[in-house]
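First comes the structure, then the notes that go with it.
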Amino acid sequence: MPLGVEDRMAITELLSMHGHLFDAGELDRLDELFTDDIVYDVTDLGAAEPLVGIAAIRDASLALGPANPVGHHITNIVLTELADGQVRALSKGIGINADGTSGSATYEDTIVPGDQGWRIGHRKVLARRVPLGGKYGR
């Protein structure tokens, strides 16, 4: 059965809630976003290995402290239903830092259905560092 409008809206709200919870420091509510065994891959941002589990994400966020962005914004959400009932979500992230600088990222997510609704089961964060994907001047 194709992904319906209600599921698309629920997944979009799930992705949007990420910024609200992190920006408010509501790290005790990460189970509203992620599966218990979430793989959160921020190696492109400098982590030695992907974070596994909600506690690892919470601990890494707390360790980052004031270096965390003050604003996480998500846009350009594209959802693709996968054969196994999961959903691939491709979106853009914009982080605003306390000093006013900003950064851009691409989120590659796998969204999984569960008893509590949709949750992010895998997220890969890719920093956008060069324009046009580095394909200019060729």
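Would you mind stating whether residue 52 is in contact (Cβ under 8 Å) with a residue 60 or more places away in the chain and either closer than 20 Å to residue 126 by Cα or more than 13 Å from the chain's Cα centre (by Cα) (or both)? So residue 52 does not fit the description; no. Can you go through 45, 51, 15 and tell me which one is touching a strand residue (DSSP E or B) at 6+ places or on another chain (Cβ under 9 Å) and within 20 Å of residue 116 (Cα to Cα)? From the options 45, 51, 15, the qualifying one is 15. Residues in the stretch 92-119 that are farther than 15 Å from residue 8 by Cα, crowded, with 16+ Cβ neighbours inside 10 Å and not aliphatic (A, V, I, L, M): 4 in all.
Throughout, read-outs are computed from the coordinates displayed, never taken from laboratory work. In this text, all values refer to a predicted model and were calculated from it rather than measured experimentally. Backbone-built Cβ (ideal geometry, glycine too); neighbour counts: all protein chains shown.
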